[in-house]
Amino acid sequence: MHRVIGTDPAELPVSPAEARAMLRNMVRARRFDERALALQRRGWMSGYPPFRGQEGSQIGAAHALAEDDWLFPTYRTNAMQIARGIPMSDILLFRRGHPEFDSGHDVPNFPQAIPIATQIPHATGAAMAADYRGDDAAVCCYFGDGATSEGDFHEGLNFAGVFESPVVFFCENNHWAISMPRGRQTASETIAVKAEAYGFEGVRVDGNDPLAVYETTSEALATARTDEPVLVESLTYRHGPHTTSDDPDRYRDDVDLPEWRTRDPVDRFAEFLRERGVIDGAFVDEARGAADEELGEAVDRAEAVPEPDPEELFAPVYDGMPPRLEAQYEELAAHLDARE
Ligand SMILES: Cc1ncc(C[n+]2csc(CCOP(=O)(O)OP(=O)(O)O)c2C)c(N)n1
């Protein structure tokens with residue numbers, strides 16, 4: 001397993017400025033997650049899947065991607081999306097019932113997949129298309145450990161292997177799929193080893209070490225650009241509940257995992273950079289202040305967008321609404337009329 005923190009490297013794999021940018025993004029992501037949870041708790045937006053504990057993994061990977069590379073995210077991938085330049089207000093608005101990407105940004109980023117693993121064949125298809133067109137862009141497909149038990153995982157990786165597609169399958173192994181621990185998800189010794197069956201390389205990385213994730217993902221993307229897919233298993237830990245509708249106290253006792261995996265990745269990276277003189281004692285507080293300012297603006301922006309019309313739930317699905325859907329729509333409209 002690849003790691004940098006804890007190995008006392010002679011030099012960092014990135015410049016000091018890049019290391020600071022990574023930590024700043026981790027703090028931004030952490031503040032976003034905390035604010036989103038608080039907003040959900042007071043009914044400002046619908047259910048929210050926190051990513052606390054996974055910031056090192058996602059920010060390390062986001063910094064490895066080139067500007068033109070495509071990201072296929074899930075509901076858990078908000079840290080990575082924020083680091084790539086998706087406005088925070090877009091993510092908040094999605095959770096308030098709006099269509100995704102209200103800002104109309106031009107970051108190459110697919111809509112987040114909520115049905116588990118469905119994005120994997122899509123990502124392989126996009127990589128095949130990039131290859132066919134001779135684009136330089138690679139594709140990064142994010143998913144969790146639970147997704148590896150889906151048929152779509154097999155189909156997506158099998159096609160990528162057969163068609164030698166420029167795609168990195170980035171499995172963020174946070175140890176849990178809702179209440180299912182990794183040990184019960186698969187009898188394979190690791191998730192990375194599954195790549196062997198598809199004819200390409202699988203690698204493991206300390207997911208709470210953004211520098212290691214950056215290096216591993218950069219190498220994987222370079223390999224993908226030579227038309228060889230790679231499966232990356234990034235080992236991290238989900239600190240919070242699965243979503244705001246979940247109570248992990250019902251299934252999660254103390255787990256037997258090493259400290260490097262369960263420790264707070266933001267504190268760990270900040271401590272590492274402070275010890276090496278890359279940041280001073282005020283850096284994290286300053287980054288937090290800047291993130292809070294950005295968040296305040298994102299919340300204002302989201303609040304300024306009028307609430308979506310309930311009809312928007314129905315209208316874009318079919319060219320002409322089938323009778324059953326129309327009946328549902330009429331029922332909802334009658335319910336809303338009665339409420340007024
Ligand atoms: C096809 C499908 N089946 C079941 C679900 C219900 N579900 C939502 S999240 C989840 C667990 C996913 O775990 P994992 O892939 O490890 O991702 P994580 O939530 O840890 O990021 C399940 C089973 C779903 N969304 N889609």
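Does any residue of the range 82-93 turn out to be of a type in the set (Val, Ile, Thr), within 16 Å of the ligand (Cβ to nearest atom), open to solvent by 50 Å² or more (accessible area, probe 1.4 Å) and not in a strand (DSSP E or B)?
no
Can you tell me how many residues within the range 11-47 are within 19 Å of the chain's Cα centre (by Cα) and not polar (S, T, N, Q)?
17
Out of (1) assigned to a strand (DSSP E or B); (2) modelled with pLDDT under 95; (3) among the hydroxyl-bearing types (Ser, Thr, Tyr), what's the single condition that is false for Ser103?
Against the list (1) assigned to a strand (DSSP E or B); (2) modelled with pLDDT under 95; (3) among the hydroxyl-bearing types (Ser, Thr, Tyr), Ser103 comes up short only on (1).
For Glu293, work out the one condition from (1) over 27 Å from Leu37 (Cα atoms); (2) assigned to a helix (DSSP H, G or I); (3) open to solvent by 90 Å² or more (accessible area, probe 1.4 Å) it doesn't fulfil.
Failed condition: (1).
Need a quick list: strands (runs of 3 or more DSSP E) entirely within the range 134-233 having at least 3 residues that are open to solvent by 30 Å² or more (accessible area, probe 1.4 Å) and either within 16 Å of the ligand (Cβ to nearest atom) or in the same structural domain as Glu67 (by TED's automatic domain parsing) (or both).
201-206
Check off (1) buried (at least 22 other Cβ atoms within 10 Å of the Cβ); (2) more than 25 Å from Ala290 (Cβ to Cβ); (3) in contact with a Leu (Cβ under 8 Å, 6 or more places away or on another chain) for Phe110 and give me the number that stays unchecked.
Of everything listed in (1) buried (at least 22 other Cβ atoms within 10 Å of the Cβ); (2) more than 25 Å from Ala290 (Cβ to Cβ); (3) in contact with a Leu (Cβ under 8 Å, 6 or more places away or on another chain), Phe110 misses just condition (1).
Yes or no: Ala79 closer than 21 Å to Leu23 by Cβ and within 16 Å of the ligand (Cβ to nearest atom)?
Numbers: closer than 21 Å to Leu23 by Cβ: yes; within 16 Å of the ligand (Cβ to nearest atom): yes.
Answer is yes for this residue.
Of all residues in the range 62-81, which are part of a helix (DSSP H, G or I) and within 23 Å of Thr243 (Cβ to Cβ)?
Ala62, Asn78, Ala79, Met80, Gln81
Based on what the data block shows, is Leu313 more than 24 Å from Ile91 (Cα to Cα) and without any contact (Cβ under 8 Å) to a residue 40 or more places away in the chain?
Values: more than 24 Å from Ile91 (Cα to Cα): no; without any contact (Cβ under 8 Å) to a residue 40 or more places away in the chain: yes.
No; evaluated as a whole, the condition is false for this residue.
Can you list residue pairs whose Cβ atoms sit under 6 Å apart, with the first residue in the range 93-108 being over 18 Å from Ala36 (Cβ atoms) and the second being small (Gly, Ala, Ser)? Count only pairs 6 or more apart in sequence or on different chains.
Sorted first by the residue in the range 93-108, then by its partner, the pairs are Val107/Gly85.
Yes/no per residue for (1) surrounded by fewer than 20 Cβ atoms within 10 Å (Cβ to Cβ); (2) outside the structural domain of Ser234 (by TED's automatic domain parsing); (3) over 29 Å from Val193 (Cβ atoms); (4) modelled with pLDDT of 95 or more:
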{"site": "Arg3", "(1), (2), (3), (4)": "no, yes, no, yes"}
{"site": "Ala10", "(1), (2), (3), (4)": "yes, yes, yes, no"}
{"site": "Met22", "(1), (2), (3), (4)": "no, no, no, yes"}
{"site": "Val27", "(1), (2), (3), (4)": "no, no, yes, yes"}
{"site": "Asp33", "(1), (2), (3), (4)": "no, no, yes, yes"}
{"site": "Ala36", "(1), (2), (3), (4)": "no, no, yes, yes"}
{"site": "Arg42", "(1), (2), (3), (4)": "yes, no, yes, yes"}
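Check whether at least one residue in the range 64-78 is closer than 22 Å to Glu307 by Cβ, surrounded by 17 or more Cβ atoms within 10 Å (Cβ to Cβ) and more than 15 Å from the chain's Cα centre (by Cα), and report yes or no.
No, the range 64-78 contains no residue that is closer than 22 Å to Glu307 by Cβ, surrounded by 17 or more Cβ atoms within 10 Å (Cβ to Cβ) and more than 15 Å from the chain's Cα centre (by Cα).
Consider Ser57 carefully, then state whether it is farther than 17 Å from Phe170 by Cα, open to solvent by less than 30 Å² (accessible area, probe 1.4 Å) and small (Gly, Ala, Ser).
Numbers: farther than 17 Å from Phe170 by Cα: no; open to solvent by less than 30 Å² (accessible area, probe 1.4 Å): yes; small (Gly, Ala, Ser): yes.
Considered against the rule, which asks whether it is farther than 17 Å from Phe170 by Cα, open to solvent by less than 30 Å² (accessible area, probe 1.4 Å) and small (Gly, Ala, Ser), Ser57 comes out as no.
Can you pull out every residue in the range 111-128 that is in contact with a strand residue (DSSP E or B) (Cβ under 8 Å, 6 or more places away or on another chain) and away from the ligand (no atom under 16 Å from the Cβ)?
Thr124, Ala126, Ala127
Yes or no: Ser103 in contact with a Ser or Thr (Cβ under 8 Å, 6 or more places away or on another chain), open to solvent by 40 Å² or more (accessible area, probe 1.4 Å) and in the same structural domain as Arg41 (by TED's automatic domain parsing)?
yes
The values are calculated or read from the model by the stated rules, or taken from the named source; none is laboratory data. Small disclaimer: the values here were computed from a predicted structure and weren't measured. Note that we place each Cβ from the backbone using ideal geometry, even for glycine, and neighbour counts take in every protein chain shown. Ligands, DNA and RNA are stripped out before the accessible areas are found, and what is left, the full protein with its side chains, is counted by its heavy atoms. Shrake-Rupley method; radii C 1.70, N 1.55, O 1.52, S 1.80 Å.
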